[in-house]
1. If you take every residue apart from Gly296 with its C-beta less than 10 Å away from the C-beta of Gly296, what net charge results, scoring Lys and Arg +1 and Asp and Glu -1?
2. Work out from phi, with θ = phi - 60° and the Karplus expression 6.51 cos²θ - 1.76 cosθ + 1.60, the ³J(HN,Hα) of each residue of the range 275-292, listed in order in whole Hz, and give x for Gly and Pro.
3. Principal axes first, then extents: for the Cα atoms of the range 125-257, list largest minus smallest coordinate on each axis, whole Å, largest first.
4. I need the calculated FRET efficiency for the pair Trp92 and Thr234, taking r as the beta carbon distance and R₀ as 35 Å, to the nearest 0.05.
5. Which whole-number percent gives the relative contact order of the range 234-289, counting Cα pairs below 8 Å spaced six or more residues apart?
6. What order, most packed first, do the peptides 75-87, 179-191 have when packing is the mean number of other Cβ atoms within 10 Å of each residue?
7. Suppose every Lys and Arg Cβ carries +1 and every Asp and Glu Cβ carries -1, with no other charges. What dipole size does the chain come out with about its Cα centre, to the nearest 20 debye?
8. Any chance you could look up the accessible area of Cys240 with a 1.4 Å probe, heavy atoms only, rounded to 10 Å²?
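The values are calculated or read from the model by the stated rules, or taken from the named source; none is laboratory data. Quick caveat, the model's predicted, so the values are computed rather than measured. Don't worry about glycine lacking a Cβ; one is built from the backbone with ideal geometry, like all the others, and counts go over all protein chains shown. All accessible areas refer to the heavy atoms of the entire protein, side chains included, with ligands and DNA or RNA removed. Shrake-Rupley method; radii C 1.70, N 1.55, O 1.52, S 1.80 Å.
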Amino acid sequence: MIGRWTKGALIAIGLCAGRAPAIAQDDLDAAPGTMSLQVTTDPASIACRKLETVGPTSLSFRSLRLTFNDDFDEHPLATGRWVPHYAGGAAWPEARYWGGDGSDSKRKTSANGEQQIYVDPRYAGRATTPLGLDPFKIRDGVLSIVASRTPLELKPVLFNNEYISGILTTQGTFAQKHGYFEIRAKVPVGHAVWPAFWMLADDGGWPPEVDVLEGRGERPGDVVMTTHWRIPSTQKIQSCGFDFTVGDASHAFHNYGVLWDEDRLVYFIDRRPVSDIKVPIGLDDPMYVIVNLAIGSKFFPGVSQVDAETPSSVAFEIDRISVYQIDMAQAQR
């Protein structure tokens, strides 16, 4: 979900389209305590590539054990695992996150041209008491992050944002270095709709950024997986990512994940590798996860500004978010 600060410095070095492998959806709804993934074995020879075909000799297995899992059987804010706003690197008084002028900077990324504000029941905006707005709905073990048009009477207290929506992050509650990070979700579509599951460094810096999944709302079936990093000698931001076609992504659950190994990042759709990249410089610190539904963008192709075609309400449906650590004892055998 590129950069909480800017997209203008982006240098795209590898964006192209491909069709993701199809796989039956049976048995993909539960997070096993342990599992193995097939990963590529030759990261030193590549900078960033899409894996159209991979021979068996270029694959090995990584054994994994579960370290974090939320099946969303209860409201996400009831567990203490999730925070409904950005924290970043700033040390703010706790009250600043829940309302007052300036609090909106932790509840949207203005540099992206976003037109929503992320709310939760405690958030007051410019009001003196919480507004009680809840974009998080739970039904049958599925979390829906719902974006909807801001009620006219609330626009002044919500900084005149066109939409209200939700974000969940684990900054300060869970972060991990290396491992496999996965979401099982349906990817919503619609004009100006921008869902994402991504990762940032727990120290609050940017980049690096790992975008495990982004949806281009105006291009149904198009999902994006991207890595962003900074070149120390020039301070320029570089990015490499790929678009994949998952034809039923908006109405069927699929698994989207990334394996962060010591020397490579491997992206997966339904646990099959679809792209990889040698770990870029600066990807050194534990990372936390973010899931959100933004509305509107100035820079992200396939997501435009809000207009009359933008749905009045849209939901990002999430069955599960899971994180695994690499079992190094198994990997070294």
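1. Combined, the nearby Lys, Arg, Asp and Glu give -1.
2. Calculated HN-Hα couplings, in order: 7, 8, 8, 4, 4, x, 4, x, 8, 10, 9, x, 10, 10, 10, 9, 10, 7 Hz.
3. Rounded to whole Å, the extents work out to 48, 37, 28 Å.
4. With R0 = 35 Å, the Cβ-Cβ based efficiency is 0.65.
5. For the range 234-289, the relative contact order is 21 percent.
6. So the order, starting with the most tightly packed, is 179-191, 75-87.
7. Rounded to the nearest 20 debye, it is 620 debye.
8. Approximately 10 Å² for this residue.
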